[in-house]
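Some notes on the structure that comes next.
The values are calculated or read from the model by the stated rules, or taken from the named source; none is laboratory data. Small disclaimer: the values here were computed from a predicted structure and weren't measured. Methodologically, a virtual Cβ is constructed for each residue, glycine included, from the backbone with ideal geometry; neighbour enumeration extends over all protein chains shown.
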Amino acid sequence: MKKINITLIFCFLILVSSCVNSLDDYNVDQKNATAVPAVTLFTNAVKELSDALMTPNVNVNNYRFYAQHWTSTQYLDEPRYNMTSRLIPQNMWDRLYRNTLMDLQESKRVLSADNLLAEDIKNNQMAQIGIMEVYAWSVVVNTFGNAPYTEALNPDITLPKYDDAQTIYNDILSRLDQSLDMITVDADGFDDGDLFYEGDMAKWLKFGNSLKLKLAMVIADSDAAQAQTLVEEAATNVFTSNEDNAAFPYMGAEPNNNPVSSNVKGQYSTREDYVAASTLVDAMNDRNDPRRIQYFSQVDGEFIGGEYGFANSYSDFSTVSEKIANPTQEGVLLDYAETSFLLAEAAERGYNVSGTAEEHYTNAVTASITYWGGTAADANAYLAQSSVDYSSASGDWKEVIGTQKWIALYNRGYDAWLEWRRLDAPNLQPPQVEGASALVIPLRLIYPVNEQTLNGANRAEAAEAIGGDEGKTALFWDVN
């Protein structure tokens with residue numbers, strides 16, 4: 001018996017010694033990765049960005065309130081623009097900087113160190129990362145204004161300075177051009193990890209140019225010459241159908257479901273916090289809009305919006321449709337309809353783009369209706385109405401394009417808010433609360449409370465530079 005035990009112990013020691021080189025090997029976590037591939041970081045960053053822009057969670061993203069697409073049933077701080085009762089700016093800031101931009105930066109670092117990858121493939125993957133970095137940075141700037149940039153994402157700089165928003169904007173436009181120039185359409189990019197286009201670099205080229213078009217139009221009022229140059233460079237290779245849309249494909253199971261489904265009544269939530277705002281519902285009812293059934297639920301066969309900024313009974317008003325609440329509903333970051341509206345605007349501004357403003361406007365409205373499940377006949381009937389037809393709808397071109405774009409950007413609160421700030425259309429008004437100070441629809445998010453306490457001097461300098469750390473402070477491009 002003793003001989004058997006000794007033999008077993010001896011065999012065990014040989015087995016152990018053959019598996020480890022030193023005692024340090026026992027400290028390696030076998031279940032959690034210590035090195036993450038570039039593609040995994042890239043995919044996660046894209047998901048984090050989509051989640052941040054898609055979630056309706058009031059602790060993070062209240063853009064649907066600011067655009068008056070939704071309103072609340074009982075919690076009124078958010079549709080009345082209170083940014084301090086919750087950590088709203090902090091949570092959005094963290095999702096953009098920590099969850100998105102840090103992963104993209106690390107993805108780029110890991111990819112740079114890979115000396116075995118073919119140069120054209122490596123360049124394509126760098127371009128994919130670069131385009132997404134520009135998208136994320138544009139959200140930072142167009143949400144907050146001046147922000148940490150040149151010293152951001154550096155663990156050795158714990159108190160990063162804030163850079164001028166316009167300077168950041170010009171730099172990311174240059175970075176976008178650099179990324180576009182790196183693309184070889186006949187070579188691969190990230191394939192399995194590219195949940196937009198599965199490595200189709202021709203579509204990434206269209207996406208990058210469509211983003212360039214969008215960012216150029218943001219500065220059309222503040223820097224018309226630069227905007228025109230950039231638009232005319234981009235317009236020849238932008239989205240041409242809904243097949244080109246940049247949309248994140250969510251799955252049915254948590255945590256990869258569309259975050260809307262985790263915050264509205266349905267498969268993953270019993271909450272009854274939101275109803276459709278009468279501001280949007282009434283505008284769509286007036287135009288007999290065929291998208292209503294895709295956007296909203298019905299109450300006794302009707303679409304009824306709640307009063308914006310006041311308490312509303314959940315059962316008395318339309319809320320999100322089953323389609324919007326579906327965990328697999330994709331998260332759109334940029335689409336053909338938006339691109340066509342931008343081209344319509346460019347034509348109205350006299351930029352050298354092919355097609356007329358009316359043609360692009362018609363394409364945009366049609367693309368939106370068909371994306372949501374309508375037919376070309378539905379779109380034609382809708383456009384034939386005098387209140388929708390480009391030549392007869394009331395208002396100047398900003399109001400005509402802006403109103404239809406606002407309707408088309410439903411469920412994309414950030415973009416609807418951005419376009420409302422740019423075009424000042426439609427004519428949204430804050431809730432008039434008796435006995436309270438006059439409310440102002442936010443033009444930006446205030447800086448996070450952590451920045452005030454941990455990076456106070458730099459934050460204070462930035463606040464002074466932009467004219468005050470307030471929601472009513474207009475950003476550099478918002479000059480009209």
Out of all the residues in region 317-324, is one or more out of contact with any Ser or Thr (no Cβ under 9 Å at 6 or more places or on another chain), surrounded by fewer than 20 Cβ atoms within 10 Å (Cβ to Cβ) and part of a helix (DSSP H, G or I)? yes
Can you find even one residue in region 353-362 that is among the hydrophobic types (A, V, I, L, M, F, W, C), surrounded by 21 or more Cβ atoms within 10 Å (Cβ to Cβ), at pLDDT 95 or above and within 22 Å of the chain's Cα centre (by Cα)? no
Only one residue in 114, 120 is more than 27 Å from residue 407 (Cβ to Cβ) and outside any loop (DSSP other than H, G, I, E, B). Which one? 120
In region 142-168, which residue that is under 26 Å from residue 44 (Cβ atoms) and of a type in the set (Ser, Thr, Tyr) is surrounded by the fewest Cβ atoms within 10 Å (Cβ to Cβ)? 158
Quick check on region 461-477: of everything there that is in contact (Cβ under 8 Å) with a residue 40 or more places away in the chain and touching a Ser or Thr at 6+ places or on another chain (Cβ under 8 Å), which residue is farthest from residue 161 (Cα to Cα)? 477
Could you tell me whether region 437-451 includes any residue that is modelled with pLDDT under 95, within 26 Å of residue 277 (Cα to Cα) and out of contact with any strand residue (DSSP E or B) (no Cβ under 7 Å at 6 or more places or on another chain)? yes
Subset of region 167-211 that is of a type in the set (S, T, N, Q) and in contact with a helix residue (DSSP H, G or I) (Cβ under 9 Å, 6 or more places away or on another chain) - its residue that is nearest to residue 476 (Cα to Cα): 170
Condition met for residue 179 (of a type outside the set (Val, Ile, Thr), surrounded by fewer than 17 Cβ atoms within 10 Å (Cβ to Cβ) and assigned to a helix (DSSP H, G or I)): no
For residues that are in contact with a helix residue (DSSP H, G or I) (Cβ under 6 Å, 6 or more places away or on another chain) and farther than 23 Å from residue 80 by Cβ, scanning just region 292-313, find the one that is surrounded by the fewest Cβ atoms within 10 Å (Cβ to Cβ). 294
When residue 304 is evaluated against the numbered criteria (1) farther than 26 Å from residue 52 by Cα; (2) under 23 Å from the mean Cα position of the chain (by Cα); (3) among the β-branched types (Val, Ile, Thr); (4) outside any helix (DSSP H, G or I), which criterion, by number, is the only one it fails? (2)
